[in-house]
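Quick notes on the structure that follows.
Any read-out appearing in this document is the output of simple, stated calculations on the displayed coordinates, not a laboratory observation. This structure is a prediction, so every number in the text was calculated from the model and none was measured.
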C-alpha cells in the first residue's frame, strides 16, 4: 500500500533484502526485517487514511 513512488521503491528494496536474507538462511534477521517492514506499511496506511486529505 505505497502512497508514493518513493515509498514503493523503499519497500521494494526492503523486501529484496528480506528475500536475500531468507535465501542465505539468516532467518532470525529476516524475521526482524519482515516485522519492521509490516509495521512501517501499517503506519503508512494509518497516515494516509487519517491524516492525509
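Report, in deg cm²/dmol and to the nearest 500, the calculated mean residue ellipticity at 222 nm for the chain, where each DSSP H run with n ≥ 4 adds -39500 (n - 2.57) and the sum is divided by the residue count. Don't skip to the answer; put the middle values down first.
On the way: 2 runs with 43 residues, N = 53.
Using -39500 (n - 2.57) per qualifying helix, the result is -28000 deg cm²/dmol.
Expressed as a rounded percentage, what relative contact order does the chain have, with Cα pairs under 8 Å and six or more residues apart? Don't skip to the answer; put the middle values down first.
Values: 21 pairs, mean separation 23.5, N = 53.
Worked out over the chain, it gives 44 percent.
Once the Cα atoms of helix 27-50 and of the chain are each reduced to a long axis, what angle between those two axes, in degrees from 0 to 90 to the nearest 10, is obtained?
10
Using the scaling law 2.2 N^0.38 Å as the reference, what is the normalised Cα Rg of the chain? Could you put the intermediate results ahead of the total?
Values: Rg = 12.7 Å, N = 53, 2.2 N^0.38 = 9.9 Å.
Here the answer is 1.27, to two decimals.
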